[in-house]
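Following: one structure in structure tokens, then a few remarks.
FYI, it's all coordinate maths here, none of it is from the lab. Small disclaimer: the values here were computed from a predicted structure and weren't measured. Virtual Cβ from ideal backbone geometry, glycine too; neighbours counted across all protein chains shown.
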Amino acid sequence: MQITYFPIGLVHSPFTAAEGTPIQAASSGAVGTVEIYPEYAEGLQDIEGFSHLYLIYHFHLSIPKGLRLTPFMDKHPRGVFSMRGPSRPNPIGISVVTLLSVKDNLLEVGELDILDKTPLLDMKPYIPEFDVREDCSIGWLQTKNGELSGTFDDGRFIHRNSRP
């Protein structure tokens with residue numbers, strides 16, 4: 001079975017190289033713009049009432065590296081499905097951003113951790129009543145408690161000669 005998706009827009013960010021890009025950047029302070037293509041702009045109706053959004057995007061510069069990888073925050077190989085890195089069987093990324101403003105088909109967003117010119121596949125509102133779970137366990141990341149914020153990409157999963 002083949003599945004085909006088409007971008008609904010582009011993410012414009014200050015990050016033009018993987019190295020130094022925040023990872024899951026709830027505290028990055030980075031601001032950027034999500035450009036929704038005109039043919040999808042009608043779908044933005046009522047979005048300004050949400051404070052946070054999930055951005056679902058294509059890791060357009062990632063390279064496949066296998067099913068066991070050494071994540072950014074560890075020294076031991078882990079299964080690709082137990083981590084959030086960009087090198088995946090289907091290079092799909094997800095980030096939660098803060099919605100700062102909406103003007104026509106442009107959304108200004110904060111807490112950005114996405115490379116410039118990344119194709120956006122979809123966007124959904126973040127709804128705490130649906131998305132926050134109590135008593136969660138975070139697997140191997142439990143030993144990294146306190147290190148989760150302020151982590152940056154070192155470029156290990158990106159084509160070296162590729163730039164957005």
Could you grab me the full set of residues in region 59-86 that are closer than 21 Å to M123 by Cα and in contact with a Ser or Thr (Cβ under 7 Å, 6 or more places away or on another chain)? H60, L61, S62, P86
Conditions (1) in contact with a Lys or Arg (Cβ under 7 Å, 6 or more places away or on another chain); (2) buried (at least 16 other Cβ atoms within 10 Å of the Cβ); number of the one not met by V97: (1)
Among (1) surrounded by fewer than 19 Cβ atoms within 10 Å (Cβ to Cβ); (2) among the aliphatic types (A, V, I, L, M); (3) within 13 Å of the chain's Cα centre (by Cα), V31 falls short only on (3)
Pairs only if they're at least six apart or on different chains, beta carbon under 7 angstrom, first in region 116-135 and under 25 Å from F59 (Cβ atoms) and in contact (Cβ under 8 Å) with a residue 24 or more places away in the chain, second among the hydroxyl-bearing types (S, T, Y) and surrounded by fewer than 15 Cβ atoms within 10 Å (Cβ to Cβ); list them, first residue then second. D116/T16; L121/Y5
